Every structure is written in structure tokens, then in C-alpha cells.
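The values are calculated or read from the model by the stated rules, or taken from the named source; none is laboratory data. No experiment lies behind these values; they were computed from the predicted model shown. So basically every Cβ, Gly included, is an ideal-geometry build from the backbone, and we count neighbours across all protein chains shown. The area values use the complete protein model at the heavy-atom level, side chains included, leaving out ligands, DNA and RNA. Shrake-Rupley method; radii C 1.70, N 1.55, O 1.52, S 1.80 Å.
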Amino acid sequence: MVNIESNEVWHNLHPYDRLYAGGLNTFYTEVENLVHIIWPGMKLCPVCIFRQGGPAFLHKHPFPPKSFIHLGDDVWMGEQAELQLFGATQADINGTLTAINYYDRCYLAELFYAELFHEMHHVYQRNYMTSFKSDDPALVVTYPEDVENDALKLFENRLLLQMARNQDPQLTGEMLDLLFSCREKRKGIIGNEYMEMEKRVESIEGPATYCQYQYLQSRQEKTWDKALFAVSREKEFFSKLSQLSFGRRNLRQRLLITGLAQCLILANNDIPNWEQEFFHSDLLLSDFLFTRFPVKQVTIPDIDNLRAYSSYHLKNEQEEHQRCLQVFRNQNGICVEMTFKEMPECRGIDPMNIESVDENTLMHNTMLKLGKDGNYLSFLTGGVISEIVDNLWQVSSVTFFLQSREHLQTENGTVTVSLDGRQLSWRGEIVNESELIISLELE
């Protein structure tokens, strides 16, 4: 096997790219040694790391694209743009589901690789889980904003935080009764569909976040690694359960940590073989937890102080939605408003980075991809408002801003925009134009 550092292409890379790509082989060796401890039975997958607008590096991939260059140490290099990679997720690369992560952000390499292991667990889930129950991200957009529900969620956060850090079985049993009772009450407030959505996110994201957490915890041989885990344990993970969040803001991010907390409760209380039992069961994570600790409904204590937080901040949150919309509409540049004659296909969306202004208006802070036959819109850098019908997959109109009229072209009945991170090519026409607003009607 050729050593990666002997490759001429390697030496022409920016030191920042070499920093991350050079750690791939070490990282993979680490997880090969740790995986049987962190999640017994988990099968590993190929990985791909990349920088937006820069290189992409594949490792342990059986069929790298032909354009990729072999650097050595089972590492292959190509271009992010060729694969159209985005975010920390999973992607099909040449027929093989691959864990991906991006390193062009202020994020320590150790934390970056822990997150990559998180994505590797998602690949394992999708390839091998007996009953993979994905959630519907459209429900995040319409999730009820209710004072009592938010107050009860804050109480749940406190219970989970205490249980995740405590190994007293009696205390855990009492708190699980309260957790179960809170969830039953919240189901009556928001409805079973939204409660089911929460539980599904916890079931998929909780175990993956648990793997991320345990990877950091398991590699504490050096003083730096011990210090980093001690800080990360609070900042990256547990702090999410002590922070105040309301309505739809950070809703999905919270569920990663409530799912993690449930995995830690199972692990801390010596439930044997719980990882594979859950993985191959037909149960959602919280339902599995409640079967391992039989629970009963109990009286929920007074939470007036949490209602005070909730009623005040939820009102502010809803006002902030409208303020952000106003700031968007008042920005400098040319406002481009697009409507569609027929509903386009929603080909890509990032529900973790969508802000819901109201039940029909969404602000996209990262990816939005639409298409219809050969027509396409691919916006990767946010700054887009969409109007939806019924759910986020049904987009009726899109609004964005351009800094120059030259950036939008029309030729032979096709409207195009070609900018870094923003690509549009769609059959249609300009139906109205002024100095500050362009209205398009697209097929």
C-alpha cells in the first residue's frame, strides 16, 4: 500500500486539507478497535470527508469514482462539486452508502471525526436495522407551538439530564415514571402524530449521537483527549438539556440529546445487550426504555416556573419569526419571486436548518433543491424563502435576492442563474420586472 504522504498531489494540497485527510486512516483504525465496545455488532462503512468548493476524500470505498486519484493508505481524492456533497449525512457514492462530513468550519478535528462516526452509525441503521422508522421532517415545520407542551418539555429535559448522569436505580425508576407521565400528557396536547415524530427522531438520532459521545469518551489516553471530552460532554451534549428552547426552534437538535440520554440510561444501568436488542426490535427507543424499566403514570409536580419561561419566550419567538421575514424582504439587491405552473419535485432539503415563519412560509438557511424533468434549482447556501402547500415537500413559490441583474439570464425560454452555491435552469419567463423586483413564472 502506497503511503499517502509520498504522493505528489498530497504535497500540493493546502495544509488544512492535509490535516483532515491525513487523519482518515488513523480514525478508521480507531473505530475498528472501538466499535465492538461502543455498539456491539455494528458494521462499518466507507467514509467521505470534504470541503465545500474544494477536495473530497474517500476512505475504504470499494468503488471510487473513476475521476478520483488514489493517494495511498486506501484514500482517494476528487472534487466535492462532482459528487454534489453537502452537510454531515449519508450519500450513495457509486452504489455504496457512505458516511460523509464536511470540515470547512471551525470545528476541532477530534470532534469532526466523532461526528463522522455518528454518520457511520446512520449508514449501519439504514443498511441493517430490522425496522428502520424514519421521521417526517415536514412535521417539524407544522409542530404546534404551545405553552404547556413547551413547559413539559423543559421538565422532561431536567429529568433526562439527571438520569443520564446518575446511576441510582431507585432514583431512575421514579424519574422514568415522571418522564412517561409527561409524555402521555404531551401526547394529549400535540397529538399522537407529533409525539410519534419525536420518538422516531430519538430512535434514529439518539443511538448515533450515543456512538459519537462514546467515541470521544473511549479515546481518553492523552491528557488533551480527557480534557476535550470533559468539556465536550457538557458543551456538545448535556448543555442542550439545560438550555431554554421553545416552539419549533432547535426542535430536532433537542431530540438528538433526549435520545442520547435514553441510551445512556440503558448503558449506565447495566441493561445487558441492550444495543442489539433495541436495534433488532420493532420498538421505538423510548418504548424500548419503558419495557426495560416498567413505568406507571404518576402526578406531575407543579411546573408554574417552567410555564412562566414558556409563555414569555414563546411569544418572543413568534415575534422574532416575523422580524426575520421583514429583514429578509428589506435587504439590498433585486428581489426575485418565482412561482410554478405545476408543483415541482422537492429533490433536496435540510430540515435541520429551516426556520418556519408560519405554517406556509419557510426560511432556508442551507440547502434547497427543486426539479421537474430537466429543470432544476440547486441553492446550497441559504438566503431563500419558500411558500409551501400542506407540507415542506410541496413548494409553490420561491423568493431570493440577487446583487446584480446580470446574474439572471433568459434565453430560448429558459431562465438561468449561475453563481457559487446557486444554480437555476428552468423553462419559464419574466412576467413582471421593475428596478428592484423580478417576477418569474416557471413551468
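Based on the Stokes-Einstein relation at 20 °C and a viscosity of 1.002 mPa s, and on the Kirkwood radius from alpha carbon pairs, the range 305-388 is assigned a translational diffusion coefficient of 146 µm²/s. Per-residue accessible area (protein heavy atoms, 1.4 Å probe) orders Asp136, Asp92, Asp17 as Asp92, Asp136, Asp17, starting from the largest. With 5 Å bins beginning at zero, the pair-distance distribution over Cα atoms of the range 263-361 amounts to 2, 8, 10, 10, 10, 11, 12, 13, 10, 8, 6, 2, 0 %. Measuring with a 1.4 angstrom probe and ignoring ligands and nucleic acids, Ser242 comes out at about 80 Å² accessible.
How about the range 250-329: which trypsin sites (Lys or Arg not before Pro) there are in a DSSP loop, with at most 15 other Cβ atoms within 10 Å of their Cβ?
Working: sites: Arg252, Arg254, Arg292, Lys296, Arg307, Lys315, Arg323, Arg329; in loops: Lys296.
Of the trypsin sites (Lys or Arg not before Pro), the ones in loops of the range 250-329 whose Cβ has at most 15 other Cβ atoms within 10 Å are Lys296.
I want to verify the translational diffusion coefficient of the range 326-371 in µm²/s; compute it with Stokes-Einstein, Rh as the Kirkwood radius over Cα pairs, at 37 °C and 0.692 mPa s. Diffusion coefficient, whole number: 263 µm²/s. Projected label points at Lys296 and Glu193, each 7 Å from Cα along the beta carbon direction, are separated by 3.5 nanometres.
Mind grabbing the base-10 log of I(q)/I(0) for the range 199-331 at q = 0.10, 0.12, 0.14, 0.22 Å⁻¹? Debye formula, identical points on the C-alpha positions, no solvent, two decimal places. Rounded to two decimals, the profile gives -0.48, -0.67, -0.84, -1.28.
Looking at the range 274-353, the GluC sites (Glu not before Pro) that sit in a DSSP loop and have at most 11 other Cβ atoms within 10 Å of their own Cβ are Glu342.
Modelled spin labels at Tyr128 and Gln409, positioned 7 Å past Cα toward Cβ, are 5.0 nm from each other. Counting charges near Ala56 (Lys, Arg +1; Asp, Glu -1) among other residues having Cβ under 13 Å from its Cβ returns a value of -3. Evaluated over the Cα positions of the range 1-116, the convex hull gives a direction-averaged projected area, one quarter of its surface, of 7.1 nm². Percent of C-alpha pairs per 5 Å bin in the range 295-443, short distances first: 2, 8, 17, 20, 17, 12, 6, 5, 4, 3, 3, 2, 1, 0. Normalised size of the range 107-183, defined as Cα radius of gyration per 2.2 N^0.38 Å with N residues, equals 1.50.
Relative to the compact-globule estimate of 2.2 N^0.38 Å, the Cα radius of gyration of the range 175-239 comes out at 1.53.
In the range 370-410, the ratio of gyration radius to Kirkwood radius, Rg to Rh, stands at 0.99 when only Cα atoms are counted. If you average the alpha carbon positions of the range 356-390 and of the range 130-159, how far apart do those two centres end up, in angstrom? That distance is 23 Å.
Summing charges over neighbours of Ile271, with a neighbour being any other residue whose Cβ is under 10 Å away from its Cβ, gives -2 when K and R count +1 and D and E count -1. Between Ser425 and Ile271, residue separation times 0.36 nm minus the direct Cα-Cα distance comes to 50.0 nm. Remark: accessible surface ordering of Leu370, Leu419 (largest first) is Leu419, Leu370, probe radius 1.4 Å. When the alpha carbon gyration tensor of the range 53-137 is reduced to an equivalent ellipsoid, its three semi-axes come out at 22, 17, 13 angstrom, largest first. Full extension of the chain segment joining Phe63 with Ser396 gains 116.0 nm, where the gain is 0.36 nm per residue of separation less the Cα-Cα distance.
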